[in-house]
1. Just a yes or no: is a residue in the stretch 283-297 closer than 27 Å to C176 by Cα, in contact (Cβ under 8 Å) with a residue 40 or more places away in the chain and surrounded by 14 or more Cβ atoms within 10 Å (Cβ to Cβ)?
2. Could you tell me which residue of the stretch 52-61 is farthest from I171 (Cα to Cα), considering only residues that are surrounded by fewer than 22 Cβ atoms within 10 Å (Cβ to Cβ) and in contact (Cβ under 8 Å) with a residue 60 or more places away in the chain?
3. With respect to Q169, determine if the residue is away from the ligand (no atom under 16 Å from the Cβ), at pLDDT 95 or above and more than 30 Å from G211 (Cβ to Cβ).
4. Inside the stretch 134-166, can you point out the residues that are away from the ligand (no atom under 11 Å from the Cβ) and aliphatic (A, V, I, L, M)?
5. Go through the stretch 264-315 and report how many residues are on the phi > 0 side of the Ramachandran plot and within 21 Å of the chain's Cα centre (by Cα).
6. From the list N36, N91, which one is without any contact (Cβ under 8 Å) to a residue 60 or more places away in the chain, within 24 Å of A238 (Cα to Cα) and within 23 Å of the chain's Cα centre (by Cα)?
7. For the list (1) within 26 Å of A276 (Cβ to Cβ); (2) without any contact (Cβ under 8 Å) to a residue 40 or more places away in the chain; (3) not in a helix (DSSP H, G or I), I need the number of the one condition that N337 fails.
8. Return yes when M31 is within 11 Å of the ligand (Cβ to nearest atom) and either closer than 16 Å to F245 by Cα or not polar (S, T, N, Q) (or both) and no when it is not.
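The values are calculated or read from the model by the stated rules, or taken from the named source; none is laboratory data. Model, not experiment: these values are computed from the prediction. Cβ coordinates were reconstructed from backbone atoms using ideal geometry, including for glycine residues, and neighbour counts include every protein chain displayed.
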Amino acid sequence: MEKKDLILIRENTAEIYVHSSDKDSIPSKSMHVFYNKKMELNRDISNLAVMAYNELYNPDKLIIVDSMAASGISSIRMLKECDNIHTIYINDVNPLAVELIHKSISANELDNSQIQIIISRKDANFLFTEIAQKTSIESEVLLKKPNIISIDPFGTPNLYLDSAFKAIQRINGLLCVTATDTAVLFGIRPNACIRKYMSKPLHTEYCKEIGARILLNFISRMANINGMGIFPLLTFYANHFVRIFCLTLKNKNRISTSFNNYGYIVHCKKCHYRKAFNRNPLQLPRKCPSCDNIEKIDYAGPLWIGQMHHEEFINKLIDLNNNLKYYNGRRIHKLLNLVIDEINMPISYYNLHKLCQRLKLPYVPKIEEIIQIIKKKGYKVSRTHFDYLSIKTNMDLISLQNCLLEIKKKEFVN
Ligand SMILES: C[S@@+](CC[C@H](N)C(=O)[O-])C[C@H]1O[C@@H](n2cnc3c(N)ncnc32)[C@H](O)[C@@H]1O
């Protein structure tokens, strides 16, 4: 590869090489080496997560595996922006990517860094297995297990999770997983979801949350198979991807307790009733508890019905973000504040536009207006990062609809 075919681009503190012919193409698998400027937000939040993890859960030196590094942008930014890194594995199966990673490491003057930088061109599963073997007690060259593993594939991460759990530190490891197969998780391709995640999705107004919970459930089950469990720190959707940060745990009692997080969502396609149920599928209602309809009652799952985020972690991310002044800082601030509002709120959300459309209302009230009305009536209510036009509430749907109708009546009187 001639240097003349490459150009240097900057993202925050890092400069990386990309192929000139890739520069203006729409990010896709067919690029020589994948780079998507829009995923900068993902990398910003990943860096915040690494810093927060190091402060809150693991003061030791960090061993990080960036298993699908592409241009290496995420690793190079971590090396430049995060402290306390001992070792980083920068890996990609694409040989052109590995060539670029070497060049970009030099361009950022990291070749002589004190940090151990291990660049490789391996299949991620092979790399994880190799790490797992070298970190097992039987190994002749016993290494420490990585405490952070990032999986950022094209599409589903499903086939990398089992070996990632074998490689990662078993207590308080940080697993960072991206899924971009949103058509699958959000129920546009339901059979593919059953095949890939062993779970039935539903294409409803809150399908993004269902998809994120299906992915969480799958990650957790993969942990269970490996004698571990997970503790979710942050689960978010942005720019057509879902990203999950979770801690590993291996305490048998905590694993058994976490089974309470497995369940189903029952949804009526006629009256839009929805409710989460604990893990026994035999107890799911056969007719809609709200309108008694039998034909239109449906379900999604198994999925994660527990908390998706951890308040202490998100507050730390918010603090760090306020200090760091990223280009995406304001967007991250908004997203994290919405995420914090979601904690302890019921599963699912109502899109105000869709609700008003169904009620044939001639207008949609301001989201803050309806939030205040619901609060005054004594119910819990919040916005959600999954959909900026939606609210989460424990108010039942009929009362919620009545609130909207009341606003309409008031407008007429005025
Ligand atoms: C979405 S890109 C990763 C983007 C990158 N993390 C970033 O922040 O720009 C997916 C990358 O995974 C690599 N990849 C796909 N399958 C792989 C596998 N089985 N093992 C390792 N790398 C793989 C691809 O070559 C591609 O570079």
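1. no
2. Selected residue: E55.
3. no
4. I137, V141, L142, L143, I148, I149, L161, A164
5. Residues meeting the conditions: 1.
6. So the residue among N36, N91 that is without any contact (Cβ under 8 Å) to a residue 60 or more places away in the chain, within 24 Å of A238 (Cα to Cα) and within 23 Å of the chain's Cα centre (by Cα) is N36.
7. (3)
8. yes
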